[in-house]
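Participant: This is the structure, below, for whatever I ask next.
The values are calculated or read from the model by the stated rules, or taken from the named source; none is laboratory data. What you see is a predicted model, and the numbers here were worked out from it, not measured in a lab. All Cβ positions, even for glycine, are placed from backbone atoms using ideal geometry, and neighbour counts span all protein chains on display.
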């Protein structure tokens, strides 16, 4: 007989692989799609996003956060590496760039997903975050990407 948990588990965060691998037109578009999807999900599920990104937690939960962040870093690194190899992105360290993206995305969302944050225009926030991320890996203005 299966054991019942005393509390339901929180929902698993959505996989970062989908948007980064389902978008078509090159590395920048794939990165834009993944950033947009991550940010929109965070803004829709502010409580879970706050718990995954910033809520003070014990060391065991912090270890789980690192696993969550590494999953996103690994997906971004794959896309960046493929983009560099295809000549779509300038030469860069894919793992370092990916870790920087994940850190920037998380930090940018801390305020907006905070339980005490005032409401912000989600479309504007997402657009600005996508543009920042695209500039950081392409060294180009995001107008060249359909984000």
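Participant: Can you find even one residue in segment 111-121 that is under 18 Å from residue 33 (Cβ atoms) and in a helix (DSSP H, G or I)?
Facilitator: No, because not a single residue in segment 111-121 is under 18 Å from residue 33 (Cβ atoms) and in a helix (DSSP H, G or I).
Participant: Pull up segment 52-95, narrow it to residues that are assigned to a loop (DSSP other than H, G, I, E, B) and at pLDDT 90 or above, then point me to the one that is surrounded by the fewest Cβ atoms within 10 Å (Cβ to Cβ).
Facilitator: The selected residue is 91.
Participant: Separate question: Can we say residue 99 is surrounded by fewer than 18 Cβ atoms within 10 Å (Cβ to Cβ) and either within 13 Å of the chain's Cα centre (by Cα) or modelled with pLDDT under 90 (or both)?
Facilitator: Judged against the criteria, residue 99 is not a match.
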